[in-house]
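The values are calculated or read from the model by the stated rules, or taken from the named source; none is laboratory data. A quick note: this is a predicted structure, and the numbers were derived from the prediction, not measured. Here Cβ is always computed from backbone atoms with ideal geometry, including for glycine, and neighbour counts include all displayed protein chains.
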Amino acid sequence: MKPLEGITVLEFAQFMAGPSAGLKLADLGARVIKIERPVKGEAGRQIALKNLFLDGSSLVFHTVNRNKDSYAADLKNPEDLERVKKLIAQADVMTHNFRPGVMEKIGLDYNTVKKINPQLIYATVTGYGSVGPWAKKPGQDLLVQSMSGFANLTGNKNDNPTPVGAALADLITGVHLSHGILSSLIRKEKTGQGALVEVSLLESTLDFQFEVITTYLNDGNQKPVRAKQGSAHAYLGAPYGVYKTKNGYIALAMGSLIKLGEVLNCKTLTAYTDSKSWFTNRDEIMDILRSFLITENTSYWLEILEKEGIWCSNVFDYKTLLNHEAYNVLQWDQKIQLLSGEQVHTTRCPIRVNDKRLFAEKPAPRVGQHTDAIIKEFNL
């Protein structure tokens, strides 16, 4: 039995942040029912990476909506809305990521819904919160990375602002939403009370930067400065970064520069005896390392450094990683069969429960695939 079996979640959310929270809950055993527009479904079905589509929906949609059901309803239609309200009365959790004011117009805002089901966990995602000058601004990952300051942490000193090449803001917000839902479900078991859970892309992305923002606030508000080259963290000194070798790259994490110099037999490094200089003279120290590490292959340096306990690693691309034994033992990927006969080759849930890996039991649904069955099951 999975941990969340018996929990029913109604997902009005679309795109990535809200549905990624639903994915976490579904993988852990919750019954997640997507409430979608008839015919077209949620807008995320048409948002694709590299224009990849399967069975009429984007590959991204299939990736984030496995293990879910689909109930098609026109929320502007009184009959459909009434059925949805009956469904809400029997649910444990409801999620949405509409802009502030939308659910109020429909009549499914928290104050209205909690009268229907006082024990419901009502969980929302916004871009920037429900009030303030940005409240109705589009909540989109790139925009949030850019506006939160995050894009100024990646890349090298003279680079333009550099966003991370993944939906970081969306996905960390989804994690926070699922945290809020799970904690509220525990509280509900103890008190019988429902809850309003609210997260925003901006706040989640700020929280993701809590260590660097805290440094900024306690360091005279000095702007974070990235290393000249190979930068991996704006506030960490040498050797922290990525360096080119004769045939690839090597990553060096934090550690004693003096010990590193001794292990490498690089006397120039051991001259930096004051650990404060490892940050203040970061660029010149990293220049020394660059000129030294470029002379041999990555494997040569790894063999020397690893046996001496120096924190270091190769820098893999996906092809190398996915064919490595260290990846294979994780049993990390899975193939999900679609109704069309096509397959989605994707990743699994990262959580193991009682040493059991959690794989998908069913693919992402077609629009309204389960509508009739849900009407009968919940007597709508």
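Among what's in region 257-283 and is farther than 15 Å from Ala234 by Cα and in contact with a Phe, Trp or Tyr (Cβ under 9 Å, 6 or more places away or on another chain), pick the residue that is surrounded by the most Cβ atoms within 10 Å (Cβ to Cβ). Only one residue fits best here, namely Leu257.
Among the residues of region 289-343, the ones that are out of contact with any Lys or Arg (no Cβ under 7 Å at 6 or more places or on another chain), closer than 22 Å to Leu59 by Cβ and touching a residue at least 40 places away in the same chain (Cβ under 8 Å) come to 3 in all. Scanning region 166-195 for residues being under 11 Å from Ala123 (Cα atoms), without any contact (Cβ under 8 Å) to a residue 12 or more places away in the chain and touching an Asp or Glu at 6+ places or on another chain (Cβ under 9 Å) gives a total of 0. Within the option set Lys85, Lys105, Lys50, Lys68, being assigned by TED's automatic domain parsing to the domain that holds Glu361, of a type in the set (Lys, Arg), under 29 Å from the mean Cα position of the chain (by Cα) and surrounded by fewer than 18 Cβ atoms within 10 Å (Cβ to Cβ) holds for one residue only, Lys50. Does Ile351 satisfy the condition of being in contact with a Ser or Thr (Cβ under 7 Å, 6 or more places away or on another chain), over 30 Å from Asn247 (Cβ atoms) and either outside the structural domain of Leu260 (by TED's automatic domain parsing) or of a type in the set (Asp, Glu) (or both)? Criteria not met by Ile351. Within region 263-274, one or more residues are charged (D, E, K, R) and either at pLDDT below 95 or outside any strand (DSSP E or B) (or both).
Among the residues in region 320-327, are any touching a helix residue (DSSP H, G or I) at 6+ places or on another chain (Cβ under 8 Å), more than 22 Å from Lys244 (Cβ to Cβ), assigned to a helix (DSSP H, G or I) and not polar (S, T, N, Q)? Within region 320-327 (the criterion being touching a helix residue (DSSP H, G or I) at 6+ places or on another chain (Cβ under 8 Å), more than 22 Å from Lys244 (Cβ to Cβ), assigned to a helix (DSSP H, G or I) and not polar (S, T, N, Q)), the answer is yes, since at least one residue qualifies. Before we move on, is Gln369 under 20 Å from Val60 (Cα atoms), buried (at least 17 other Cβ atoms within 10 Å of the Cβ) and either among the polar types (S, T, N, Q) or not assigned by TED's automatic domain parsing to the domain that holds Val39 (or both)? So Gln369 passes the test.
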